[in-house]
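Everything on this sheet refers to the single structure shown next.
The values are calculated or read from the model by the stated rules, or taken from the named source; none is laboratory data. Note that the structure is a prediction, hence the values are computed from the model and not measured. Here the Cβ is made from the backbone with ideal geometry for all residues, glycine too, and neighbour counts use every protein chain on show. What goes into the accessible areas is simple: the full protein's heavy atoms, side chains included, and nothing from ligands, DNA or RNA. Shrake-Rupley method; radii C 1.70, N 1.55, O 1.52, S 1.80 Å.
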Amino acid sequence: MHNDDSKRFESLKVNASKISVTGSIKYDVSLDEHIVSWGKDLRRLLGNERSVLIAASTHQGEDEQILQAYKMAKEKIEDLLLILVPRHPERFDSVSELVVSNGLKIIRRSETNLSEVTSDTDVYLGDTMGEMLIMMAASDIVFMGGVL
């Protein structure tokens with residue numbers, strides 16, 4: 001990847017001695033030890049025995065597809081919990097309504113005590129800001145939105 005980036009600049013006639021590819025801050029993230037610890041704490045409260053899938057940073061139109069996929073997966077993995085995190089805060093309420101309209105039991109991170117997450121909770125709605133990495137650390141599988 002780094003070599004490809006460098007070659008692209010060279011093709012634009014940039015002198016190779018002036019090119020330095022340092023990586024991608026999007027992919028070269030190192031997690032603070034507190035995030036990992038908080039993720040483990042969250043996982044314990046969600047249920048260590050459960051399988052947890054997070055659909056992170058979802059865009060409008062993806063949530064319906066994710067919920068349908070969740071329902072199909074739930075037929076095979078009965079204890080599956082979906083953490084659903086819409087990308088934009090203005091969508092939190094409409095995504096919550098969508099989950100309910102699909103007949104699924106939802107708990108919103110912003111409105112509940114975590115002890116309310118029970119084995120029959122289907123969806124844990126990540127409707128807070130700045131906590132995505134904690135929720136990812138609490139998950140077994142990560143689906144990153146914006147790709148459907």
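A few points about this structure:
- Calculated accessible area for the chain comes out at 62 Å² per residue, all protein chains present (probe 1.4 Å; ligands, DNA, RNA ignored).
- For Ser101, net neighbour charge (Lys/Arg +1, Asp/Glu -1) across residues whose Cβ lies under 12 Å away: -3
- Shape call, the chain: gyration tensor on alpha carbons, a/c limit 1.5: prolate
- The chain - percent relative contact order, Cα under 8 Å, separation 6 or more: 32
- Distances between placed amide hydrogens fall under 5 Å for Leu81 paired with Ser51, Val52, Leu53, all partners being 5 or more residues away or on another chain.
- Classification of region 65-148 by its C-alpha gyration tensor yields a rounded form. The axis ratio a/c (a ≥ b ≥ c) stays under 1.5.
- Stretchable slack from Val142 to Ile19, in nm (0.36 nm times residue separation minus alpha-carbon distance): 40.9 nm
- Restricting region 1-106 to chymotrypsin sites (Phe, Trp or Tyr not before Pro) in coil, as DSSP defines it, with at most 15 other Cβ within 10 Å: Tyr27
- Under 5 Å, built H, 5+ apart or other chain: amide partners of Asp127: Arg109, Ser110
- Each residue was assigned an accessible area with a 1.4 Å probe, and for Met144 the value is about 90 Å².
- Most mobile of Leu31, Leu46, Leu82 in a GNM of the chain (Cα contacts under 10 Å): Leu31
- Only helices enter this figure: runs of n ≥ 4 DSSP H residues, each worth -39500 (n - 2.57), summed and divided by the residues of the chain, yield -11000 deg cm²/dmol at 222 nm to the nearest 500.
- Computed in the context of the full set of protein chains, the accessible area of region 57-148 at 1.4 Å probe radius has 53% of its extent on carbon or sulfur.
- Neighbourhood charge, 12 Å Cβ-Cβ cut-off, centred on Ile83 and excluding it, Lys, Arg +1 and Asp, Glu -1: 0
- Note on the chain: Lys pairs 8 or more places apart or on different chains, Cα atoms under 29 Å apart, count 12.
- A cut-off under 15 angstrom between Cβ atoms defines the neighbours of Glu10, and their net charge, with Lys, Arg +1 and Asp, Glu -1, is +2.
- Hydrophobic long helices, here whole DSSP H runs in the chain with Kyte-Doolittle means of at least 0.0 and Cα atoms spread over 27 Å or more along the helix axis, are not found.
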